[in-house]
Amino acid sequence: VQLQASGGGLVQAGGSLRLSCAASGRTFRDYTVGWFRQAPGKEREFVTAIRRSGATYYADSVKGRFTISRNNAKSTVHLQMNNLKPEDTAVYYCSADQSIILTSITSSQFYGYWGQGTQVTVSS
C-alpha cells in the first residue's frame, strides 16, 4: 500500500489542523493505520492509531485534543488536531500495516508502510 500524508502547516497555539492520509494499492480497510511524529533531535513517537474495527488509541499527550477517523470508501484516514501546543511541533507520518497486534500498536517498528511526512509547526 502507498500512503500520502497531507494537511500540515503553521498554526498558532490553540489552533487546529486536519491531517489526511490517503492510501492506494491494496485493501485499505484491512489495515491498521497509525500516526507518528518526530520532532528535531527526538525519536519518532506514537500519536494515535485506528484499527480495521474502528477502535482508536491515543498517546496520553494528545488525548482529548486529537481525533483519528477513517473513511474506508475513500481509503483515507484523518487526524483532527485541536488546541494545538508548541510541543506538538513535529513532522507527522502516517503508517499502516495489516498484521499489527494490539500490544504492538504503539511501536513504529511493526508498521510496514509509511507516508512521506507532513510538517506541523505550532507557534506560541
### Query
Does Tyr58 satisfy the condition of being of a type in the set (Phe, Trp, Tyr) and either in contact with a helix residue (DSSP H, G or I) (Cβ under 6 Å, 6 or more places away or on another chain) or open to solvent by 50 Å² or more (accessible area, probe 1.4 Å) (or both)?
yes
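Hey, any hits in segment 79-95 for a residue that's open to solvent by 10 Å² or more (accessible area, probe 1.4 Å), in a strand (DSSP E or B) and either closer than 20 Å to Ala13 by Cβ or among the basic types (Lys, Arg) (or both)? Give the derivation first.
Pass one, segment 79-95, residues open to solvent by 10 Å² or more (accessible area, probe 1.4 Å): 80, 82-83, 85-87, 89, 91, 93.
Filter once more, keeping what is in a strand (DSSP E or B): 80, 91, 93.
This time we only want the ones that are either closer than 20 Å to Ala13 by Cβ or among the basic types (Lys, Arg) (or both), so: 80, 91.
Yes, there is a match, as at least one residue in segment 79-95 is open to solvent by 10 Å² or more (accessible area, probe 1.4 Å), in a strand (DSSP E or B) and either closer than 20 Å to Ala13 by Cβ or among the basic types (Lys, Arg) (or both).
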### Message
Can you confirm whether Val122 is in contact with a helix residue (DSSP H, G or I) (Cβ under 9 Å, 6 or more places away or on another chain), open to solvent by less than 50 Å² (accessible area, probe 1.4 Å) and more than 23 Å from Arg29 (Cα to Cα)?
### Response
yes
### Which numbered condition Arg51 misses (of (1) free of Cβ contacts under 8 Å to residues at least 60 places away in the same chain; (2) out of contact with any Lys or Arg (no Cβ under 9 Å at 6 or more places or on another chain); (3) surrounded by fewer than 16 Cβ atoms within 10 Å (Cβ to Cβ))
(3)
### Message
Based on this model, can you work out whether Gln116 counts as open to solvent by 40 Å² or more (accessible area, probe 1.4 Å) and either in contact with a Leu (Cβ under 7 Å, 6 or more places away or on another chain) or not in a loop (DSSP other than H, G, I, E, B) (or both)?
### Response
no
### Summary
The one condition Gln2 fails out of (1) closer than 13 Å to Gly115 by Cβ; (2) exposed (fewer than 15 other Cβ atoms within 10 Å of the Cβ); (3) at pLDDT 95 or above is (3)
### Task
Spot the failing condition for Ser99; the list is (1) under 13 Å from Asp30 (Cα atoms); (2) touching a Ser or Thr at 6+ places or on another chain (Cβ under 8 Å), and only one is missed.
(2)
### Task
For segment 65-78, enumerate the residues that are outside any loop (DSSP other than H, G, I, E, B) and either at positive phi or touching a Cys at 6+ places or on another chain (Cβ under 6 Å) (or both).
Val77
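The values are calculated or read from the model by the stated rules, or taken from the named source; none is laboratory data. All values derive from a computational prediction rather than experimental measurement. Ideal geometry is used to build each Cβ from the backbone, glycine not excepted, and the neighbour counts take in all protein chains shown. SASA here: full protein model, heavy atoms, side chains in, ligands and nucleic acids out. Shrake-Rupley method; radii C 1.70, N 1.55, O 1.52, S 1.80 Å.
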